[in-house]
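In what follows, a structure is listed as structure tokens, so that the remarks can point back to it.
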Amino acid sequence: GECYVIEVAGEEDLAVLPCILMANPETTILYGQPNEGLVLLKVSDMKDKAQKLIDGFIEE
């Protein structure tokens, strides 16, 4: 029953990263990738990679 808003200025394809981190490991996320089609990923397979990517971001 919780609701979240993720606002991304610019690189909106990166919005999936916090979704991965906030989701239960059993979750499957689907999203559209321009010129590629539909992306399907299992959160349990991507949590560590998503966290490493976010940890590497530089705050401006």
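No lab work stands behind these numbers, since they all come straight from the coordinates. Small disclaimer: the values here were computed from a predicted structure and weren't measured. All Cβ positions, glycine included, derive from the backbone under ideal geometry; neighbour counts span all protein chains shown.
Filter the chymotrypsin sites (Phe, Trp or Tyr not before Pro) in the chain down to the DSSP loop ones having no more than 14 other Cβ atoms within 10 Å, then list what survives. The partial results should precede the final answer.
Details: sites: 4, 31, 57; in loops: 4, 57.
Loop-located and lightly packed - 4, 57.
With the contact rule set at Cα under 8 Å and sequence spacing of 6 or more, what percent relative contact order holds for the chain?
On the way: 51 pairs, mean separation 16.6, N = 60.
The normalised contact order for the chain reaches 28 percent.
Tell me the mean residue ellipticity at 222 nm calculated for the chain from its helices only (DSSP H runs of n ≥ 4, each -39500 (n - 2.57), averaged over every residue, nearest 500). All intermediate terms of the calculation are to be shown ahead of the outcome.
On the way: 2 runs with 20 residues, N = 60.
My calculation for the chain gives -10000 deg cm²/dmol from helical runs alone.
Work the Kirkwood hydrodynamic radius out for the chain: mean of 1/r over every pair of different alpha-carbon atoms, inverted, in Å. Before the final figure, lay out the partial values.
Values: mean 1/r = 0.0792 Å⁻¹.
In the chain this quantity evaluates to 12.6 Å.
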